[in-house]
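S.K.: Let me give you the structure first, and then I'll get to my questions.
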Protein chains: 2
Amino acid sequence: MPAVRIAPTRAVRARNLLRTVQNHPPSCPCHSNPTYHQTQSSPHFHRHRPRPRSNGLAQGLRRLATPSPLPDYAFELAASSIRFGPGSTAEVGMDVVNMGAERVMLVTDPGVAKLPVMENVRKALAQQGVKWEEYTTCRVEPKEASVKDAIAAAKPYNPDLFIAVGGGSAMDTTKMMNLYTCNPDADLLDFVNAPVGKGLPIRGKLRPLIAIPTTAGTGSETTGTAIFDLTSHQTKTGVAHRAMKPTLGICDPENTRTMPSAVACSSGLDVLCHSLESWTAIPYQQRRPRPTNPIERPAYQGANPISDIFSLQALKSVIKYLPRAVADPDDYEAQEQMLLAATLAGVGFGNAGVHLCHGMSYPISGMNRSYMHNGYDVSTPLIPHGVSVAVTAPAVFRFTGPSNPDRHLAAAECFGVDISNVKQENAGEVLSEALKEFLVKLGDQPRGLKQVGYTRSDIDVLVEGTLPQRRVLMLAPGLSGVQEEDKETLTALFEEAMEY
Amino acid sequence: MPAVRIAPTRAVRARNLLRTVQNHPPSCPCHSNPTYHQTQSSPHFHRHRPRPRSNGLAQGLRRLATPSPLPDYAFELAASSIRFGPGSTAEVGMDVVNMGAERVMLVTDPGVAKLPVMENVRKALAQQGVKWEEYTTCRVEPKEASVKDAIAAAKPYNPDLFIAVGGGSAMDTTKMMNLYTCNPDADLLDFVNAPVGKGLPIRGKLRPLIAIPTTAGTGSETTGTAIFDLTSHQTKTGVAHRAMKPTLGICDPENTRTMPSAVACSSGLDVLCHSLESWTAIPYQQRRPRPTNPIERPAYQGANPISDIFSLQALKSVIKYLPRAVADPDDYEAQEQMLLAATLAGVGFGNAGVHLCHGMSYPISGMNRSYMHNGYDVSTPLIPHGVSVAVTAPAVFRFTGPSNPDRHLAAAECFGVDISNVKQENAGEVLSEALKEFLVKLGDQPRGLKQVGYTRSDIDVLVEGTLPQRRVLMLAPGLSGVQEEDKETLTALFEEAMEY
């Protein structure tokens, strides 16, 4: 009698697939060094051209003459100037005058508009005799319509300087206002990330932008990235170019004291994933294609020796201070350190990029039906951004472990794990376990996608929602760049992320 | 019969004095937290006003209303954008076009003018159809006359962008050309550091400046500092303001391959001292006075949590890679890492400052009578800058140890010292010994001031030459800010630095 063959469940199949991918990385160096962009557009993907040893300008010019299937050979670090200190918001009026500006647009969202920080900014401007107009209706989690509304408000006033006060939503919206005020004839999609938009590089200088964060999470005060929900294309995307970065970020720990504990927590989880994802992103020398003009070198360029310093330091700070900041709303030292960590992580991921947690988070938060996160006082379903990135993190870093065991072990060590006897092949597993323990101890975190309302029947749609996030997926170690293969990998990752 | 009392030698007296200062720091918190600036100018030095807890704008404004004897409460991080990659010099023509410039001034010194890097820059500009003029007569170790000559060359051409190619001398000279081209009616002393010059803050934007370093040392590609010999006032000083920092630093390791081994070594010693001095500078919250306008916050503002990250990473890299780069001119990896370390240290000290080694180095190199450093092909006496800062380092860090034993021990640990059983009071001694060993192993380093031709009879003049370096002395831990006391301390330090 033949043995009964029991079909494996989807979960078991997913685990098996992940194990296969992890333990048998594709032998083709192109596939193990993902080049997502390249495989979409170039038939030369498999030509395995060796990188020429650059030797003076002749080779340099040859290298730069035509779009190239070669990987990049340089990285660029750009960050806003950062001022950090309790009470430093009061200096903003003088900053405006020092920058020679006279017509300011002050931007925030309706919630922050009521907080003391706005009153402080107004007084600082008034004291210096600066004229300003206010736009206080930024949408939290900006959508295409809200961004268009904000741009429409900025254009006729034509300010010579922008001040953004708030979290990532207000800062990102302000960046968009600045970009399209300076490029008034551009179509919204001109600068939006490819493949959804045209992804044109930004030429010419934008107006000065001063960003004053009121949360410790996004790092948007240092980055050239603006994210919003492009509803017409049913995807969360945005614009990313270092020309968009604020001129000055004023990180004033007094402005984050108003954060409710739940907001401090989910913002902090965003910092955690910024640091871990940028630390484990593919190295910049593996990102393809090499740009033909430096203006085309993306801000999200892969891990590099300078972003590494920021990412790892931010990771250490989050692990040390986030639990304290969440547990005790009066722990100002922890709050200050979290604001600093958010900014450091901003410089890190702003110049290296994020990958799977962020790529997968967009459909997770976008397709949410009914989950309402504890501690958030909202009337509609909401998975806070930080929660939506952290919920897949244990699955993601278990998967990415084999791409660079040393980095995953170094990250695990930051969590306090004794890695002296851990085998390289267990690096991802060990980091994943450390992450789970950290998240559980923080409290109030969904232990997987099931707890935010997803079932296995949603996975195909979640995968379809992730695949267009090429800008971040191209930095993910372990993806092959071949759409069907990556679909399978992402499916397995979402399966794995269902519960922990 | 009474015991014969033998008068102690100057050296013994100096050691005793240093020991006294080290082991009995002044009990007045003002004196142990040096406030050099303040004590020179304010009768309120001893009023010990408590720092008010900032609480909204009212206090903020009160705090900012008048020049204040309070210490600073914020720090600011500003750095040039940095591109790093072998061959990336070839991109500079496109950068010029991307920045919208049309009239470029290309600046270098006569030595670098003959190197391949200049040919590469010219080709990159020509290929993009950019017009440029060249100024190739920057003086190595710029003097007042050479700086004035360079400014006079730039003004009539009135370029809309500057490119500096070379070491610190060429980059610093170019910064001065940019500053005074944009402020054509200003007197040279208007922006020169107080107390020698007026130290006016720089208002308005300067022209874009692209810096292409050909040495791995100065870090000038990321800083707003320009140093030169103000011969009319017999002092080495300069201009320092973050508005002077280059727009973009192109760090191309192919451009440092031409460095002779001796130049690699002394440049690397500059990096070593940049990192150690910024790491051990007084914290920014102890620097006085608190600026009344953020434009007056100096770039050299004291150690802060972001500069710390750069300084410590740079220190680790120098210790690892400088000996390799010096020993083997074909060790390209070590050269690349040293170029990166120089840039990281530049961000560190550019935002925190340097102190005693640099302050004491200016008279050491300026008053040199006959010392000619091995490996330098020059016709006149020369103590390379890096040698002149490193020669006092063992004495300096022995002295500064008690100001922050933990930081000195952390630095010693970077040199490979097992610090697990070192007592806090020995931190300076241990770091000093580690430094000596490192310098001796590097080879060709003078073991103290005697070996560069100084005797004890020179000390008074060396001290007098150091005292005007207020901008850096105010960041030195352990100086009291009282001129007569600091004279004694500096005298003891120069004695101690005579030989090791």
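The values are calculated or read from the model by the stated rules, or taken from the named source; none is laboratory data. Given the structure is predicted, the values throughout are model-derived calculations rather than measurements. When we count neighbours, we look across all protein chains shown, and the Cβ atoms used for this are built from the backbone with ideal geometry, even at glycine. Please note that ligands, DNA and RNA were not included when accessible areas were found on the heavy atoms of the full protein model with its side chains. Shrake-Rupley method; radii C 1.70, N 1.55, O 1.52, S 1.80 Å.
S.K.: Taking H as built 1.01 Å from N, whose amide H comes closer than 5 Å to the amide H of B:LYS236, not counting residues under 5 places away?
M.R.: Under 5 Å from the amide H of B:LYS236 lie the amide H atoms of B:LEU230, each far enough along the sequence or on another chain.
S.K.: Something else now. Need the list of aspartates and glutamates near B:LYS423 for cross-linking: C-alpha distance under 13 angstrom, and skip anything on the same chain fewer than eight residues off.
M.R.: Of all the aspartates and glutamates, those that pass the test against B:LYS423 - Cα under 13 Å, at least 8 places apart if same chain - are B:ASP406.
S.K.: Distances in nm, one decimal, shortest first, from B:ARG447 to the same residue in every other copy, taking the label point 7 angstrom along Cα→Cβ.
M.R.: Result, one decimal in nm: 6.6.
S.K.: Then there is this: Once B and A are treated as a pair rather than alone, how much accessible area drops out, both sides summed, in Å² to 100, probe 1.4 Å?
M.R.: Chains B and A together bury approximately 4200 Å².
S.K.: List the distances, in nm and shortest first, from the label point of B:ASP185 to the matching label points in every other copy, placing each point 7 Å from Cα along the Cα-to-Cβ direction.
M.R.: With the label placed 7 Å along Cα→Cβ, B:ASP185 yields 3.8 nm.
S.K.: Lysines within cross-link reach of B:LYS320: Cα-Cα under 24 Å, excluding same-chain residues under 8 positions apart?
M.R.: A:LYS316, B:LYS436, B:LYS441
S.K.: Percent of Cα-Cα pairs per 20 Å bin, from 0 to the last occupied bin, for the protein assembly as shown, please list those.
M.R.: 13, 45, 34, 7, 1, 0
S.K.: If you average 1/r over all unlike Cα pairs in the stretch A:261-496 and invert the result, what Kirkwood radius do you get in angstrom?
M.R.: Computed over Cα pairs of the stretch A:261-496, the Kirkwood hydrodynamic radius comes out at 17.9 Å.
S.K.: Given only helices, namely DSSP H runs of n ≥ 4 each adding -39500 (n - 2.57), what is the per-residue ellipticity at 222 nm of chain B, to the nearest 500 deg cm²/dmol?
M.R.: -14000 deg cm²/dmol
S.K.: Considering the rotational relationship between chains A and B, which residue of chain A contributes the beta-carbon of minimal distance to the axis, and what is that distance to the nearest Å?
M.R.: Residue plus distance in Å, as requested: A:ILE309, 3.
S.K.: Explain nothing, just the number: dipole magnitude of chain A about its Cα centre with +1 on each Lys and Arg Cβ and -1 on each Asp and Glu Cβ, in debye rounded to the nearest 20.
M.R.: 1580
S.K.: Nothing charged except the Cβ atoms of Lys and Arg (+1) and of Asp and Glu (-1): what's the magnitude of the dipole of the protein assembly as shown about its Cα centre? Round to the nearest 20 debye.
M.R.: Taking the Cα centre of the protein assembly as shown as origin, the dipole is about 440 debye.
S.K.: Write down the Å³ per residue value for the convex hull defined by the alpha carbon atoms of chain B.
M.R.: 160
S.K.: I'd like to know which of B:MET176, B:ALA101, B:GLY197 lies farthest towards the positive end of the charge dipole of the stretch B:81-256, counting +1 on Cβ of Lys and Arg and -1 on Cβ of Asp and Glu.
M.R.: So the residue we want is B:GLY197.
S.K.: Next up: Taking a probe of 1.4 Å, how large is the accessible area per residue of the stretch A:391-500, in Å²?
M.R.: On a per-residue basis, the stretch A:391-500 sits at 38 Å².
S.K.: Across the stretch A:376-388, in residue order, what do the Karplus-derived ³J(HN,Hα) couplings come to in whole Hz, using 6.51 cos²θ - 1.76 cosθ + 1.60 with θ = phi - 60° and x for Gly and Pro?
M.R.: Each residue of the stretch A:376-388 in turn: 9, 8, 10, 9, 10, x, 8, 9, x, 3, x, 5, 6 Hz.
S.K.: Then there is this: Could you give the size of the charge dipole of the stretch A:85-256 about its Cα centre, using +1 on the Cβ of each K and R and -1 on the Cβ of each D and E, expressed in debye and rounded to the nearest 20?
M.R.: Dipole of the stretch A:85-256, to the nearest 20 debye: 320 debye.
S.K.: Nm distances between the label at A:MET367 and the same-position labels in the remaining copies, 7 Å along Cα→Cβ, shortest first?
M.R.: Result, one decimal in nm: 7.6.
S.K.: What is the distance in Å between the Cα centroid of the stretch A:344-365 and that of the stretch A:443-470?
M.R.: Cα centroid to Cα centroid, the span is 16 Å.
S.K.: For the stretch B:81-256, what does the accessible surface come to per residue with a 1.4 Å probe? Please give it in Å².
M.R.: Heavy-atom SASA per residue in the stretch B:81-256 reads 33 Å².
S.K.: Same structure, new question: In the stretch B:408-489, what percent of the accessible surface is made up of carbon and sulfur (1.4 Å probe, ligands and nucleic acids excluded)?
M.R.: Carbon and sulfur together cover 46 percent of it.
S.K.: To the nearest 0.05, what FRET efficiency results for B:GLN234 and A:ASP460 with a Förster distance of 56 Å applied to their C-beta separation?
M.R.: 0.10
S.K.: Okay, next question. Hey, what did chain B get for relative contact order, percent, Cα under 8 Å, at least 6 apart?
M.R.: Relative contact order comes out at 19 percent.
S.K.: Now for a separate question. Over the stretch B:163-278, with every protein chain in place, what whole percent of the accessible area is carbon and sulfur at 1.4 Å, could you tell me?
M.R.: Answer for the stretch B:163-278 is 50 percent, counting heavy atoms of protein chains only.
S.K.: Using amide H atoms built in the peptide plane, which far-off residues or other-chain residues are under 5 Å from B:LEU161 H to H?
M.R.: B:ARG103, B:MET105
S.K.: Apply the Karplus curve 6.51 cos²θ - 1.76 cosθ + 1.60, θ = phi - 60°, to the phi angles in the stretch A:228-241 and return the couplings in whole Hz, x for Gly and Pro.
M.R.: 8, 8, 7, 4, 5, 10, 6, 8, 8, 8, x, 10, 9, 7
S.K.: Right, another one. For the pairs B:LYS123/B:LYS148; A:LYS148/A:LYS245; A:LYS198/A:LYS245; A:LYS131/A:LYS155; A:LYS245/A:LYS487, flag any whose C-alpha to C-alpha distance is greater than 22 Å.
M.R.: B:LYS123/B:LYS148; A:LYS245/A:LYS487
S.K.: Next question, about the same structure. Using a 1.4 angstrom probe on protein heavy atoms only, which residues from the stretch B:216-255 are buried by at least 40 Å² of accessible area when all chains are present rather than their own chain alone?
M.R.: B:GLU254
S.K.: What whole number of Å gives the distance from the Cα centroid of the stretch B:420-434 to the Cα centroid of the stretch B:170-219?
M.R.: So the two Cα centres are separated by 40 Å.
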